[in-house]
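Participant: What follows is a structure written as structure tokens; I'll ask about it next.
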Amino acid sequence: MPTGERILERTLPSSLRAELAGDIAVLTLNRPEKRNALNDETVLGIEAFFSALPAEAKAVVITAAGENFSAGLDLSEITERNTVEGIAHSMMWHRAFERIEFGRVPVIAVLKGAVVGGGLELACAAHIRVAERSAYYALPEGQRGIFVGGGASVRVPRLIGTARMADMMLTGRVHDAEAGQAMGLSQYLVEPGAGPDTAMGLAARVAANAPVTNFAVIHALPRIAEADPRQGFMMEALMSAVAQGSDEAKDRLRAFLEKRAKKVTEF
Ligand code: 1HE
């Protein structure tokens, strides 16, 4: 049976590179000469990658070649599009990024340099963001005369609040990596160049979790967090029971009780 890696070799555009490091798949934005601007081919490639992850992959790390994560939408492609085509284009981004957020495994993005416009939208679809100190965040759509279309209106307010997003769009405000960390755009802030190693270390920890836990965190947690509390508590009880009932949970709990598992402080 062909591995996902081999499938991906055939389907990915040159603006993306995919590798498998053990049980961690690494997707690299590979168009540094255009600051990893996201053209249609790249967004469709992202969708293809996350739709056909190698079976071995238990976590994904998204990195970027060059000094920048991504300068967002490829502005050279936008001028010819009419309104109806614009809707289809935005929905194509939504589809691709939903594959990231609601895919099979957790995703960690390594941010640096420009994380702007659609680049920030891509970053926000990941579950964990590791920002190098060079990272900066902006939503220049306001200044370009357009609006976000890759899911930012849904995902960014959940991280930083509607008021901060409105400010970024209305005034063109740029936030540096420290500010981004303080407001919740990133969960980790690291020195320049340290992002990939940090992300791979985190991915290894994620990959070591029971699959049912990772499933619950990706698929159940965000839905529960947005649900009416009464339904949320019910969903939590059901998810909790499903997880507890698994053989792997029983093995792990027994290992702790028999002093064979690490303490919280030893992870
Ligand atoms: C691009 C793009 C792009 C660079 N589309 N080609 N995004 C933006 O509005 C951000 C636009 N980009 C910039 O403001 C700057 O490029 C950066 C601050 C990110 C980086 O500056 P710098 O000095 O390192 O690079 P550069 O010289 O500006 O760009 C290098 C090349 O990349 C240059 O092409 P070249 O052929 O002249 O060498 C640039 O034209 C090209 N380039 N960014 C196309 N974005 C689903 S809706 C999402 C809506 C949005 O994302 S809107 C925000 C778009």
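What follows draws every value from the coordinates through simple rules; no lab data is involved. Values in this document were obtained by computation on a predicted structure and should not be read as measured data. Counting neighbours? That spans all protein chains shown, and the Cβs are built from the backbone with ideal geometry, glycine included.
Participant: Counting residues in region 76-209 as N, plug N into 2.2 N^0.38 Å and put the Cα Rg over that result.
Facilitator: My calculation over the Cα atoms of region 76-209 gives 1.08.
Participant: Using a 10 Å Cβ count of at most 15 others and DSSP loop calls, identify the longest part of the chain lacking such trypsin sites (Lys or Arg not before Pro).
Facilitator: Details: sites that count: Arg81, Arg173, Lys259, Arg260, Lys262, Lys263.
So the longest stretch without any such site is 82-172.
Participant: Please list, by residue number, everything in region 199-243 whose backbone N is under 18 Å from a paramagnetic label point 7 Å out along Cα→Cβ of Leu257.
Facilitator: Those under the cut-off are 241-243.
Participant: Further, regarding this structure: Could you name the lysines in cross-link range of Lys259, using Cα to Cα under 21 Å and dropping any fewer than eight places away on the same chain?
Facilitator: Lys259 reaches Lys250.
Participant: Something else about it: Percent antiparallel among DSSP beta bridges with both residues in the chain, to the nearest 5? Don't jump to the answer; show the numbers that get you there.
Facilitator: Numbers: 8 of 29 bridges.
That works out to approximately 30 percent antiparallel.
Participant: Report, in cubic angstrom per residue, the convex hull volume of the C-alpha atoms of the chain.
Facilitator: Normalising the Cα hull of the chain by residue number yields 152 Å³.
Participant: Also: If I model a spin label at Arg144 and Ser51 as a point 7 Å from the Cα along the Cα→Cβ vector, what separation in nanometres do I get?
Facilitator: So the two model labels end up 2.4 nm from each other.
Participant: Taking the chain as a Gaussian network, where each spring joins two C-alpha atoms under 10 Å apart, which residue of Ile62, Ile146, Ile160 fluctuates the most?
Facilitator: Ile146
Participant: Using the Kyte-Doolittle scale, which helices in the chain average at least 0.0 and also have C-alpha atoms spread 20 Å or more along the helix axis, with helices defined as whole DSSP H runs?
Facilitator: 229-244
Participant: Okay, moving on. Just grab the label-to-label distance for Phe102 and Arg173, each label 7 Å out from Cα along the Cβ direction, in nm (one decimal).
Facilitator: Spacing of the two 7 Å Cα→Cβ label points: 3.1 nm.
Participant: Something else now. So what is the calculated 222 nm ellipticity per residue for the chain, using -39500 (n - 2.57) for each DSSP H run with n of 4 or more, over all residues, to the nearest 500 deg cm²/dmol?
Facilitator: Taking each H run of at least 4 residues, the total per residue is -14000 deg cm²/dmol.
Participant: I would also like to ask the following. Spin-label point model (7 Å from Cα, Cβ direction): what's the Glu41 to Met234 distance in nm?
Facilitator: Calculated label separation equals 5.0 nm.
Participant: Checking the cross-link filter: which aspartates and glutamates have an alpha carbon closer than 14 Å to that of Lys112, excluding same-chain neighbours under 8 positions apart?
Facilitator: Within the straight-line cut-off, Lys112 pairs with Glu67, Glu132, Asp176, Glu178, Glu191, Asp197.
Participant: OK, next. Report the relative contact order of region 5-207, percent, no decimals, based on alpha-carbon pairs under 8 angstrom and at least 6 residues apart. Working shown, then result.
Facilitator: Details: 424 pairs, mean separation 40.3, N = 203.
This gives 20 percent for region 5-207.
Participant: So which chymotrypsin sites (Phe, Trp or Tyr not before Pro) in region 133-203 end up in coil per DSSP with only 15 or fewer other C-beta atoms within 10 Å?
Facilitator: On the way: sites: Tyr136, Tyr137, Phe147, Tyr188; in loops: Phe147.
Passing sites in region 133-203 are Phe147.
Participant: Using the Karplus curve 6.51 cos²θ - 1.76 cosθ + 1.60 with θ = phi - 60°, what ³J(HN,Hα) values do you get for each residue of region 180-191, in whole Hz, with x for Gly and Pro?
Facilitator: Running phi through 6.51 cos²θ - 1.76 cosθ + 1.60 with θ = phi - 60° gives x, 5, 5, 8, x, 5, 10, 9, 10, 10, 10, 5 Hz.
Participant: Still on this structure: Between beta-carbons, use under 15 Å as the cut-off and find the net charge around Arg230, counting Lys and Arg +1, Asp and Glu -1.
Facilitator: Residues close to Arg230 contribute a combined charge of -2.
Participant: Between Val61 and residues 5 or more places away or on another chain, which pairs have amide H atoms under 5 Å apart, with H built 1.01 Å from N, and which residues are they?
Facilitator: Answer set, sorted by chain and number: Ala25, Val26, Leu27, Ile108.
Participant: If I build a Gaussian network model for the chain, linking alpha-carbon pairs within less than 10 angstrom, which residue out of Leu75, Leu202, Leu27 has the largest mean-square fluctuation?
Facilitator: For the chain, modelled as a Gaussian network with Cα springs under 10 Å, the answer is Leu75.
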